[in-house]
Amino acid sequence: MKTPAFLPCVDGARLGLGGAPLGNLFESLADAQARAVVDTAWADGCRSFDTAPHYGHGLSERRLGDALRCHSRSSLRLSSKVGRLLTPQAQVPHVQHGYVDTLPFVQHWDLSVSGVRRSVEDSLQRLGLAQLDAVYLHDIDAATHGPQADAVLRQVLDEALPELFRLKQSGLLGHVGLGVNDHEIVEQVLRHADLDVLMLAGRYTLLDQVALPMLMPKLVTRQVALALGGVFNSGILATRVTADMPVNFNYAPAAQVWVDKALGIQRVCDQHGVSLPAAALQFALAHPATQVVMLGVRSAAQWQTARQAEREVIPSDLWQQLRHEGWIPAEAPIPGKTSIAKELA
């Protein structure tokens, strides 16, 4: 039987813990606070965890490995990523790629056969483990690589993916996939190769459904297990939005079109007495492609708030009104409906 890529929470919830904040994304976390996040998620039943060398230049991997090593390995699913290698350097900037107070390493891209193998082995060393349940090729999209994007895609198909599948055969990892913010690169890769898993951030949310028409159905038919990240779109859906409040979308200040859309969705939520984060989280979970939603939280309280949002009761009329007003597409699956075909039957 194929080992599942993700494990649900003990009580059947479908939330995993994303490790970017554990690497000091945007602000520093004390070791004790980072450990409290992992311990709280575990005590609440979370069994799927994700990290990457990029997250604090190894800091997230070390913290997550230290926190999880006391638990039975078969009782959890842990993933990391490849693409960036870390080189020790005595003096590093206070901020590197959005991460503050990182470990004393600098990063460089390497998607070669030897680079991919070294990345996996280095991650296992930092985690203190012998196997990863999934490994994602990290940030291989055009927005990241610019003019080199075509060459990167060729190397992914010719070198990186084949090597990851060889490492899977050797037993060092269980599943192979992509970890990206861009749906188009996933569609390009799927034209030439199979994937076991996908971690997609920000492209299927209550605010942005750009991946809905082409990619999401393909994931279902190709049986690619999907972990959704960024379901709050860098925070714009995480709290109440006001017209004069500065908010981010996709890691940058939100354009007015996204602010206006968030305000429209929030108005509908207010009319039905529903919190915006609850609607955002439950919408993301409703698509049949979604196996798990990975939450990047920086405190135990934020984890508990997200769990409350997952359990919040949302009347079906809210989803119908969002459709009627054009805030979500008619073809987008909504909570309580297993498929559009069933809904229309």
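Each reported figure results from applying straightforward, stated rules to the coordinates on display, with no laboratory input. Model, not experiment: these values are computed from the prediction. Please note: Cβ atoms are built from the backbone with ideal geometry, for glycine as well, and neighbour counts cover all protein chains shown.
General remarks:
- The antiparallel fraction among DSSP beta bridges confined to the chain stands at about 25%.
- DSSP bridge analysis restricted to the stretch 16-201 gives an antiparallel fraction near 30%, rounded to the nearest 5.
- Evaluated over the chain, the count of Lys pairs having alpha-carbon atoms less than 29 Å apart is 13 (only pairs 8 or more residues apart or interchain).
- Normalised by the number of residues in the chain, the mean separation of alpha-carbon contacts (under 8 Å, six or more apart) gives a relative contact order of 16 percent.
- Whole-Å distance, taken between Cα centres, linking the stretch 288-323 and the stretch 101-151: 30
- Summing charges over neighbours of Gln209, with a neighbour being any other residue whose Cβ is under 14 Å away from its Cβ, gives +1 when K and R count +1 and D and E count -1.
- Cα gyration tensor of the chain - equivalent ellipsoid semi-axes, whole Å, descending: 31, 23, 20
- Across every pair of non-identical alpha carbons in the stretch 16-201, the mean reciprocal distance, once inverted, gives a Kirkwood radius of 16.6 Å.
- Cα gyration tensor, the stretch 103-153 - rounded (a/c under 1.5), prolate or oblate: prolate
- For Arg84, net neighbour charge (Lys/Arg +1, Asp/Glu -1) across residues whose Cβ lies under 10 Å away: -1
- Listed residues Gln266, Ala280, Met245: farthest to the positive end of the dipole of the stretch 227-345 (Cβ charges): Ala280
- Within the shell defined by Cβ-Cβ distances under 11 Å, the residues around Leu281 carry a net charge of +1, with Lys and Arg each +1 and Asp and Glu each -1.
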